[in-house]
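Down below is the structure, laid out as C-alpha cells.
Rule-based calculations on the coordinates, nothing more; no lab input. In this text, all values refer to a predicted model and were calculated from it rather than measured experimentally. FYI the Cβ positions are ideal-geometry reconstructions off the backbone, even for glycines, and counts take in every protein chain you see.
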Amino acid sequence: MFIVPTLVARDDNIAVKVIRMPLPETPIRNLVLILGDHLDLTSAALEHFDPTQDLCWMAEAPEESTVVWSHKARITLFLSAMRHHAQALRDKGYPLEYLALGTHPFRSLGEALDAALTRWRPQSLHSLRPGTWQLRETLTRCTAKADVSWEIFPNRNFFFRAENFAKWATGRQEMRQELWYRYARKQTGVLMKNGQPVGDRWNFDSENRAKPGAQGPGLIPAPRRFIPDRITREVIDIVENEFSDHPGTLNDFDWPVTAEEAREALENFITERLPHFGPLQDAFWPNQPWLYHSRLSAAMNLGLLSATTVVHAAEQAYQSQQLPIASVEGFIRQVLGWREYVRGLYWLRMPHWENENALNAHAPLPDFYWTGQTDMACLRDTIHRTLRYGYAHHIERLMITGLFSLLLGVEPQAIHQWFLAIYVDAVEWVELPNVLGMSQYADGGWMASKPYVASGRYLQRMGGHCPHCIYDPAEATGANACPFTTLYWDFLQRHADRFSKHPRTALQWKHLERMSPDKLQAIRDKADALKSRLRPTQQIKTS
Ligand code: FAD
Ligand code: SF4
C-alpha cells in the first residue's frame, strides 16, 4: 500500500485528503507534469492525453516558497492559481494526482517527482520547458534515475521557442533588444503593413518618456480587482500560518488566479488604460502603484494568459479603436520585444549568468529592502507598496530599487534573490536577466550596452517623491545630500577605469573632470559613511 495525498474537487472548493492507494499494477503511459507556471488548459503537453492511460501530476513543494524568502502574495498567487487549475483539469475530466502542501513528506519538487516516477512507473514524462535552469537539471536527473524518457513540448504562451532565439543570436556580435524586436515584428507580422512597421517607425520610445506635471498624473482608472474566492481564502490561511514570518501582507490580494480572470484583467486594461499607456511609461509617482501599467505579468508568467493573446488584443484595439500608436507600440514592445528577448537570453547564458559579478560588487543588501524603513522617500514609497501588493512597475524596479543597489555596490546575487522573492510575477527566466543583466550590469555589458546609472536629479525630474524627502537631490555632500546623488558620483569614480573611455559612457564620466580633488574626496567620504550606516543589522531573517 502506498499513502498518497490526493486533491479532490468539491464545488468551488478544493479539499485535501489523504487516501491509501495500492501500488499501481499497470504502469501508466505518460505522466504529464504540470508546473506552477504552466497553468494552461490548452498546453501542448496535454495534446495527446488519453485519460485511460495517462495521468496529470502536480505538486506543491515547500522549498518553492522558501528557497528565496518569498513574499506572501507570491506564495498565495502560485498556490491559488495551481489549485484553481487543478479544479479546471478535473472539471474537464483529466485524471490528476495533486500533492498539496502539508499532506506529503517531500521538501522539494524533485523529491516528490522521484517518488511519483517510482510509484506510477510511466513510460514517459511529458511537460513544457521548466522556467528555471536548475529545475531543468532536476527533471533531467529525476527522469534519468527512474529510467523514464522526458518529452518537452513547446510552450505556446510565448511567440518563440528558446531554440528560435538561439538561432537568431548565433554569430551576433551585439545582443540588443531593438534588433531582436524588429526581427520578431517581421517574423510575426505584428504591427506590420506591407513589410513596413505601422506608423513608419519601429519604435516610439521617445514618446514614452513624459513626466507627470507638478500636480501628478491626475485621475487614473483603477484596475479590475479580483476578490479572493473560497480557494484563495483557504490558501491565504495556509500562507498566514505556514509562512507567517515571510515578507509582505495579504490584505490587498486581488490578483487574477484563473484564465477567465486573467482574460478579464486584459480586457479591462485594453479598454481603460492602454490608450494612455505610452506617455507615462517611464514615470513614477508617490502612492500611484499602477499608473497606466497592465498588471498582467503575473498572469502571463503563470501561463494563465499567453503573450500572443495579449499582443493580438492590443493590436486589435489599435485597429478597431484607433488607439494612439505610441501607446500600443510601447506596450507591444514590452511583450513581444523585451519579454521574449529576456527569455531567449536566459536560456542562452545560463547557468553561469547567475554567478557573474563584473563590477566586483560585494556590499550586503540593506535591511530596509525587506521593511521599507528608510528616510529616502522614493525607496520608502516603492518598497512599502512592494510589500503591500507584491508589485512595483518597471521603472521603479529599474531606476529606484535596482539603481540604488547598483550604486551602493550590492552583491548582484543578493539583489537577485530579493527580486526573485518579492514580486508576484517573479520567475527566474524573466527576473534574472532583468536584474543581473539590465539592472546590475553583473555580466559586464553582455545584455545592457551600459550601466543604467543616474543621480537623484533624474529621480527628481521623472517622479514626485523629492519634494517630500528630507534629502536634496542636487546635493552630493553635506547633511542634506541625497544618497542617490552621493553614490552616483562615487560609482563614477570607482568605475572610471572601466567606463571613461567607453564610447557609450565616456560623456557621462567626463563630468567627473569638472570636480575638484577635494570635492571628489568629500563624495567618497560621504559614500563610505552611508555604506557603513546601511550595513545590515542581522536582525532580518531572510531564510
Ligand atoms: P507593463 O508595464 O504593463 O508591461 C506589459 C508587459 O510587458 C508586462 O506584463 C511584462 O510581461 C512585459 N514586460 C515589460 N517589461 C519587461 C521586461 N523588462 N522584461 C520582460 N518582460 C517585460 N518581469 C517579470 O515578469 N518578472 C520579474 O520577476 C521581473 N523582474 C524585474 C526586475 C527588474 C530589476 C526589472 C528592471 C524588471 C523586471 N521585470 C520583471 C520586468 C517588468 O518590470 C515587469 O514585467 C513589469 O513591471 C510587470 O508589470 P506590468 O504587468 O504592469 O507591466
Ligand atoms: Fe529619493 Fe533623493 Fe529624491 Fe529623496 S531626494 S526622494 S532619496 S531621489
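Once the Cα atoms are used to define both axes, helix 412-422 deviates from the longest principal axis of the chain by about 60 degrees. Here D200, D528 are placed in order of increasing Cβ neighbour count within 10 Å, fewest first, which gives D200, D528. Distance between the C-alpha centres of the stretch 204-250 and the stretch 299-317: 19 Å, rounded to the whole angstrom. This model, with +1 at the C-beta of Lys and Arg and -1 at the C-beta of Asp and Glu, gives the chain a dipole about its Cα centre of some 1260 debye. Over 33 Å apart: what share of the alpha carbon pairs of the chain falls there, rounded to a whole percent? Value for the chain (Cα pairs over 33 Å): 44 percent.
Between K92 and L507, what length in nm is gained on full extension when 0.36 nm per residue of separation is reduced by their alpha carbon distance?
Result: 143.3 nm gained on full extension.
Of I34, I523, how do they rank once you tally other Cβ atoms within 10 Å and put the fewest first? Show your work: numbers first, answer last.
Numbers: I34 26, I523 23.
The fewest-first ordering by Cβ neighbours comes to I523, I34.
A compact globular protein would have a Cα radius of gyration near 2.2 N^0.38 Å; the ratio found for the stretch 7-153 is 0.99. Would you mind classifying the stretch 368-533 by shape? Square roots of the alpha carbon gyration tensor eigenvalues, ordered a ≥ b ≥ c; an a/c under 1.5 is rounded, otherwise it is prolate if a/b is larger than b/c and oblate if not. Oblate, since a/c reaches 1.5 and b/c is not below a/b. Against the chain, whose longest principal axis comes from its Cα atoms, helix 230-242 is set at around 70 degrees. Compared with the dominant Cα axis of the chain, that is its longest principal axis, helix 72-91 is turned about 30°. Fewest-first ordering of S532, S405 by other beta carbons within 10 Å of each residue's beta carbon gives S532, S405. Summing Cβ point charges (Lys, Arg +1; Asp, Glu -1) relative to the Cα centre of the stretch 368-533 gives a dipole of roughly 400 debye.
Taking every alpha-carbon pair under 8 Å whose residues sit at least 6 apart, the stretch 368-533 reaches a relative contact order of 17 percent.
Across the stretch 60-67, rounded Karplus estimates of 3J(HN,Hα) from the backbone phi angles (6.51 cos²θ - 1.76 cosθ + 1.60, θ = phi - 60°) give 9, 10, x, 4, 4, 9, 10, 4 Hz, Gly and Pro being marked x.
Rounded to the nearest Hz, the phi-derived 3J(HN,Hα) couplings of the stretch 364-369 under the Karplus curve 6.51 cos²θ - 1.76 cosθ + 1.60 (θ = phi - 60°) are x, 6, x, 4, 5, 4, where x marks glycine and proline. Backbone phi angles across the stretch 307-320, fed through the Karplus curve with coefficients 6.51, -1.76 and 1.60 (θ = phi - 60°), yield HN-Hα couplings of 4, 5, 4, 5, 5, 5, 5, 5, 5, 4, 5, 4, 6, 7 Hz in residue order; Gly and Pro are listed as x. Loop-located trypsin sites (Lys or Arg not before Pro) across the stretch 429-524 with a Cβ neighbour count of 12 or fewer within 10 Å are K501, R504, with loop assigned by DSSP.
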